[in-house]
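Let me begin by presenting the structure, written as structure tokens, before commenting on it.
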Amino acid sequence: MLIFTKIADLKAFLSEIKAKNQTVGFVPTMGALHNGHISLISISKSACNITVCSIFVNPTQFNDKADLKRYPRMPEKDAAFLENAGCDILFLPSVEEIYPTGPVIETYDFGYLNSVLEGKYRPGHFNGVAQVVKRLFEIVEPDKAFFGSKDYQQVMIIKALIKQMQSLIEIVNCPILREADGLAMSSRNALLNEEERHIAALVPKIMREAKHIALSNGIKRAKDFVAAEILKVPVMKLEYFEICTADLKEIEKIDPSIKAVALIAVFVGKIRLIDNLELN
Ligand code: AMP
């Protein structure tokens, strides 16, 4: 695996690859890699000739500065993990390399997507995500880019960004990888202490039960159930639990002919976890 820290070096190398008509797959990450990230690398490897992974903890997408500060960073361990997974190129830029004039916030208009769910509770987050992904897309110019549906709303934002950029990059939505107890893999899981990690496993369990209740007794009962279950655990705090159409419009009734998805954001101690589950 080749490691690049400078944009110019990466671009020069990739232009040689593209001149040979090789396809490039791209997996942007913030590091502290786990098997969920590695699953994206594997999907990219099976779809493209060359796979590029970037690790960049993007300061402009953190609305909570304490979250940015505590975000886990382990580049050496990540590089070894990627090498083992058969990743071809790791792009590991500094903040100065990505934002030479400083991390100034840019504003994007994603309509209602900016103001619901993650957009509502993490103001400015998707602007930062769009800013860095656009920058990375312009550097790597991949044929395909791979994103996890754990960040369900993020995938929709990226697809909207691609439209705004009039880009031909294909956005590939990849399934959520989970731990044996059902907890969605996440870099933030490493920040949970033993007790919190144990409690976090309740999230997917509550989601599965809520799905069952929503389908048999309706959405209101499912929402009441989730709120009551979370309230029982003092270390947990519910930020939202919503049931929406596939394009994230909130619904009040399940219509079997329309795809629905349940989405949750919940604090376990100081750590904010998100998850989602398709209902039909
Ligand atoms: P992050 O490093 O958290 O920014 O995530 C980088 C990419 O990995 C994003 O596209 C995430 O959606 C994806 N990802 C994170 N966790 C998982 C998971 N458990 N399963 C599949 N993809 C994931």
For this session: Return only the number of the condition from (1) within 16 Å of the ligand (Cβ to nearest atom); (2) charged (D, E, K, R); (3) in contact (Cβ under 8 Å) with a residue 60 or more places away in the chain that Asp143 does not satisfy.
Result: (1)
For this session: For residues that are modelled with pLDDT under 95 and either part of a helix (DSSP H, G or I) or hydroxyl-bearing (Ser, Thr, Tyr) (or both), scanning just segment 86-107, find the one that is surrounded by the fewest Cβ atoms within 10 Å (Cβ to Cβ).
Result: Thr101
Exercise. Can you name the residue in segment 19-44 that is more than 9 Å from the ligand (Cβ to nearest atom), surrounded by fewer than 22 Cβ atoms within 10 Å (Cβ to Cβ) and not in a helix (DSSP H, G or I) and is also nearest to the chain's Cα centre (by Cα) among such residues?
Worked result: Thr23
Exercise. On the given criteria, is Leu168 more than 10 Å from the ligand (Cβ to nearest atom) and either charged (D, E, K, R) or not in a loop (DSSP other than H, G, I, E, B) (or both)?
Worked result: no
Exercise. Are any of the residues in segment 215-235 within 16 Å of the ligand (Cβ to nearest atom) and either in the same structural domain as Val24 (by TED's automatic domain parsing) or closer than 27 Å to Leu113 by Cβ (or both)?
Worked result: no
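Please verify whether segment 136-144 includes one or more residues that are farther than 25 Å from Pro93 by Cα and either of a type in the set (A, V, I, L, M, F, W, C) or crowded, with 18+ Cβ neighbours inside 10 Å (or both). Show your work before the answer.
Looking only at segment 136-144, we keep the residues that are farther than 25 Å from Pro93 by Cα, and these are none.
No, the conditions are met nowhere in segment 136-144.
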For this session: Please state which one of Glu195, Glu209, Glu239 is surrounded by fewer than 17 Cβ atoms within 10 Å (Cβ to Cβ), of a type in the set (D, E, K, R) and over 16 Å from Leu277 (Cβ atoms).
Result: Glu195
Problem set entry | Only one of Lys211, Lys163 that is in the same structural domain as Val129 (by TED's automatic domain parsing) and either out of contact with any Pro (no Cβ under 9 Å at 6 or more places or on another chain) or not polar (S, T, N, Q) (or both) | Lys163
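The values are calculated or read from the model by the stated rules, or taken from the named source; none is laboratory data. All of these numbers come straight from a predicted model, not from anything done at the bench. Ideal geometry is used to build each Cβ from the backbone, glycine not excepted, and the neighbour counts take in all protein chains shown.
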